[in-house]
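Read the figures in this text as sums done on the coordinates, not as results from a lab. Please read these numbers as outputs of a predicted model, since none were measured by experiment. Cβ coordinates were reconstructed from backbone atoms using ideal geometry, including for glycine residues, and neighbour counts include every protein chain displayed.
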Ligand code: HEM
């Protein structure tokens, strides 16, 4: 059966934002090193430009995520589905906090640790989302 118009809008916004938030982190990670040969300021400029796309995408993910949840009947869902949803919400919060502290860190170790937290938690959120979609 085809998705209804509203369902298509909800899932398109959710998946498009996931592709920006998660895929963008991989693209940025790949561009930062080579961009240093253009200018020492280039990595910072790229990161700032990505932030202007990524944070709105994160906000859309959270809003459409709760919209997704509202379309399910809580009592009708399995214990496993509910557990995955709760883990997913924790992981999404970890991704946001990781990205926030990554952007504010100045020490190399802190930048690497928070960047890894953001990246790993974002991929985990994506996998858990696929599991929830069934
Ligand atoms: C970093 C943030 C997030 C990412 C990367 C993400 C990613 C995804 C992906 C890839 C899907 C599968 C879509 C499909 O195959 O149709 C999905 C589905 C889902 N997500 Fe998220 N998501 C995020 C945030 C959230 C939040 C905050 C919630 C809940 C509050 C949420 C709840 C759901 C639900 C319930 C589904 C199943 C939708 C359905 O089948 O109708 N997501 N998510």
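Helix 108-133 and the long axis of the chain differ in direction by around 20°, with both axes built from C-alpha atoms.
The distance from the alpha carbon centre of region 18-75 to that of region 112-134 is 12 Å, rounded to a whole number.
For n ≥ 4 DSSP H runs only, could you compute -39500 (n - 2.57) per run for the chain, divide by its residues and tell me the 222 nm figure to the nearest 500?
Values: 5 runs with 107 residues, N = 134.
Taking each H run of at least 4 residues, the total per residue is -28000 deg cm²/dmol.
Relative to the longest principal Cα axis of the chain, at what angle does helix 79-104 sit, 0 to 90 degrees, rounded to 10? It works out to around 20 degrees. Principal-axis analysis of the Cα atoms of the chain puts helix 5-18 at an angle of about 30° to the longest axis.
So what is the relative contact order for the chain, in percent, with contacts set as C-alpha pairs under 8 Å and at least six apart? Walk me through the numbers before you get to the answer.
Details: 96 pairs, mean separation 34.2, N = 134.
26 percent.
Among 35, 4, 116, 122, the order by Cβ neighbours within 10 angstrom, fewest to most, reads 4, 116, 35, 122. Each of 81, 114, 21 was scored by other Cβ atoms within 10 Å of its Cβ. Listed from fewest to most, they are 81, 114, 21.
Using a/c under 1.5 as the rounded threshold, could you call the chain rounded, prolate or oblate? The axes a ≥ b ≥ c are square roots of the C-alpha gyration tensor eigenvalues, and prolate needs a/b larger than b/c, oblate otherwise.
Note, shape of the chain comes out prolate.
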